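S.K.: This structure is in structure tokens; I'll ask about it shortly.
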Amino acid sequence: MGARTADDGLVVETELGAVGGVRRRGVRSWRGIPFAASTAGAARFRAPRPASGWDGVRAAHRFGPVAPQLRRGQFIGAAPHLPRSEDCLSLNVISPEGAGPTAGLPVMVFLHGGAYSVGSSGEYPRQGELFAARHGIVYVSCNYRLGALGWLDLRAYSMPGHPIEANLGLRDQLAALEWVQRNIRRFGGDPSRVTLFGESAGGNSVTTLMTVPAAAGLFARAIAQSSPANAVYPAEVAQRWAGEYVRLLSRLVDDDDLESEAPEDAARMLRFADPAVLARATTELAVRTPDENPGTISLAPVIDGELLPWRPLDAFKEGRAHRVPLVIGTNDREGSLFEGRIDILPTTKPRIRAIFANTGKKARKRIKRQYPGLPERRPAADFAGDFTFWFPSVKLAERHARFAPTWSYRFDAAPRMARLLGLDATHGLELFALFEKFDTPVGVGLTVLGGRGMFAAVGRRMQARWAAFAAVGTPEPARSPLGRGGSDGNGGADGCLDWPPYAEPERLTLIFDRRDRIEADPRGERRIAWQRFVPHV
């Protein structure tokens, strides 16, 4: 099937039926397209199934329902007016004006973050529009299952006729990528030039999917922003969390019939509990985990021996990851954001002590020298951010670079308000620059004291690099007509500064800042200290 004849170019024939989009701000958008069937009822805790087709033209003007989540749990979830449903597996496509089925444009598929417990593909409605309008990208975003419905290993509670599978969120993402392969050409995209990218939990999904055998051929390149790449756990660890989750859930549902933890009782409760109650129990488990198991995140992929047969960092070390070009990096101070309700990292004295107990005395002394004053607030935040995001990303870059082209970055730019708040370039800050989210309440607040021009320029350079990577496989945009360095030392938005691939021993890394620069092995002494502190990573 090709594109249905339509003067406005907004009706596209997909494998399941025609979808009608809208024209906004110089791009065409299609929202809420189902890529798999509802996961409610008997399909709960099952791998995604094919969606049913439809007759006529399906209006694709609104984002689909968000995955069940709390608005005010551990993290701020989707706005209360947005519908929540287990029928949440939908995606969105943004395509440049006039891009027909023969355009062959590069495709970027974004996986949202949110600690695998909150978020959606529609949390910033304009996200991706500038990639399409400015850089000729076909941009795709998708919803996937969250919380216990997507990221707990509850297989111990499978029953005859009611099986439960693991890694359901990953399976949803795979189903979306498979849909892209089958359909994206009709929207002007080239299925052989798909770049998978994501941030935080979305970044963890990217680095994990790079080691999932079933993902082979579904994307040609990858970008991992602030990936907690080591937050993938053995089945025995994940199943302990599952048992604790079932106990928490039984108290919330006040199930008088659940007099034991017998698998059949728990299985019935899991099948019929209201999604909102499942989300509440998920939050309770997530709140407990940082103190009960410091340095871990209970909502995460699991090494299930089926979909995911090995620990991702081991797969990268042994060359078993998909050998696609990779851009990977973190922000300057990842951990400074995680305070108060979202304090999920090893930032407290007991949590830090628990992590220190797993290594030798000399290694502990060496790592303490890297964070003077530990466990005071600022050094504790930096220790935790490096443990969770920075060092695993460095190790992944080091290992992947031995087998495939790899580029490493660090994002240091921060507006004045972020500096005054003590956040600096913290976790997630680069998304406001990359997607130019300056019209959001947070975006306005970040730049209220100035620095918007600088921050926006950094974001345009980053955006241009990401788009160039999607187009040609290297993050080098076309040169500025002003010549090398352009007018501001960076070539303006085209990022004219050369960005060499990452490789040992130089470990050349691009630092995004007011003026971008290349550093060799940034924080190398700290990297060596971490290697001795957590050699298993």
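S.K.: Please compute the modelled spin-label separation between Arg402 and Arg364, points set 7 Å along Cα→Cβ, answer in nm with one decimal.
M.R.: Result for the modelled spin labels: 3.1 nm.
S.K.: Among Lys362/Lys395; Lys368/Lys437; Lys317/Lys349, which pairs are too far apart, with a Cα-Cα distance over 28 Å?
M.R.: Check vs 28 Å cut-off fails for Lys368/Lys437; Lys317/Lys349.
S.K.: Now for a separate question. Residue-wise, which Karplus ³J(HN,Hα) couplings in Hz belong to the range 525-534, taking 6.51 cos²θ - 1.76 cosθ + 1.60, θ = phi - 60°, and x for glycine or proline?
M.R.: 4, 5, 4, 5, 4, 5, 4, 7, 6, 10
S.K.: Which residues' amide hydrogens lie under 5 Å from the amide hydrogen of Ser90, considering only partners 5 or more residues apart or on another chain, with H built in the peptide plane?
M.R.: Amide H neighbours of Ser90, under 5 Å, 5+ apart: Phe35, Asn143.
S.K.: Another question, then. Given 10 Å bins starting at zero, what is the percent of C-alpha pairs of the range 307-406 in each, up to the one with the largest pair distance?
M.R.: Values per bin, smallest distances first: 15, 37, 30, 18, 0.
S.K.: Could you compute the FRET efficiency for Val442 and Arg288, with r as their C-beta to C-beta distance and R0 at 30 Å, rounded to 0.05?
M.R.: 0.60
S.K.: What is the packing order of peptides 189-195, 465-471, 221-227, taking the mean over residues of other C-beta atoms within 10 Å and listing the highest first?
M.R.: For the peptides 189-195, 465-471, 221-227, the packing ranking is 221-227, 465-471, 189-195.
S.K.: For the chain, what does -39500 (n - 2.57) per DSSP helix run (n ≥ 4), summed and divided by total residues, give at 222 nm, in deg cm²/dmol to the nearest 500?
M.R.: For the chain, the value works out to -9500 deg cm²/dmol.
S.K.: On to the next question. Leaving ligands, DNA and RNA out of it, report the carbon-plus-sulfur percent of the accessible area of the chain at a 1.4 Å probe.
M.R.: Of all accessible area on the chain, carbon and sulfur atoms account for 52 percent.
S.K.: Using all C-alpha to C-alpha distances in the range 220-368, build P(r) with 5 Å bins and read off the rounded percent in each one.
M.R.: 2, 7, 13, 15, 17, 16, 13, 9, 5, 3, 1
S.K.: Translational diffusion coefficient of the range 67-108 at 37 °C, 0.692 mPa s, Stokes-Einstein with Kirkwood Rh over Cα pairs, in µm²/s as a whole number.
M.R.: 241 µm²/s
S.K.: Something else about it: With every protein chain kept in place and ligands, DNA and RNA left out, what is the accessible area per residue of the chain? Probe 1.4 Å, answer in Å².
M.R.: For the chain, the solvent-accessible area averages 38 Å² per residue.
S.K.: Could you order peptides 449-457, 334-342 by the average number of other Cβ atoms within 10 Å of their residues, highest first?
M.R.: 334-342, 449-457
S.K.: Hey, another quick one. Indicate, rounded to the nearest 5 percent, the antiparallel portion of the DSSP beta bridges found entirely in the chain.
M.R.: Just about 40 percent of them are antiparallel.
S.K.: Given the peptides 49-58, 438-447, arrange them by the average over their residues of other C-beta atoms within 10 Å, most packed first.
M.R.: Highest-to-lowest ranking by the protection proxy: 438-447, 49-58.
S.K.: Moving to a separate point now. Ignoring solvent entirely, what values of log10 I(q)/I(0) come out of the Debye formula for the range 74-169 at 0.20 Å⁻¹ when each Cα is a single scatterer?
M.R.: Rounded to two decimals, the profile gives -1.00.
S.K.: With no solvent and one equal point scatterer per Cα, compute the Debye intensity ratio I(q)/I(0) for the chain at 0.07, 0.10, 0.13 Å⁻¹ and report its log10, rounded to two decimals.
M.R.: Taken in order of the listed q values, log10 I(q)/I(0) reads -0.38, -0.79, -1.37.
S.K.: Here's another thing I want to ask about it. Compute the distribution of all C-alpha to C-alpha distances in the range 30-93, in bins of 10 Å from 0, and list the percent of pairs in each, rounded to whole numbers.
M.R.: Using 10 Å bins, I get a P(r) of 20, 45, 30, 4, 0 for the range 30-93.
The values are calculated or read from the model by the stated rules, or taken from the named source; none is laboratory data. Given the structure is predicted, the values throughout are model-derived calculations rather than measurements. All Cβ positions, glycine included, derive from the backbone under ideal geometry; neighbour counts span all protein chains shown. Just the protein is used for accessible areas: all its heavy atoms, side chains included, with ligands, DNA and RNA removed. Shrake-Rupley method; radii C 1.70, N 1.55, O 1.52, S 1.80 Å.
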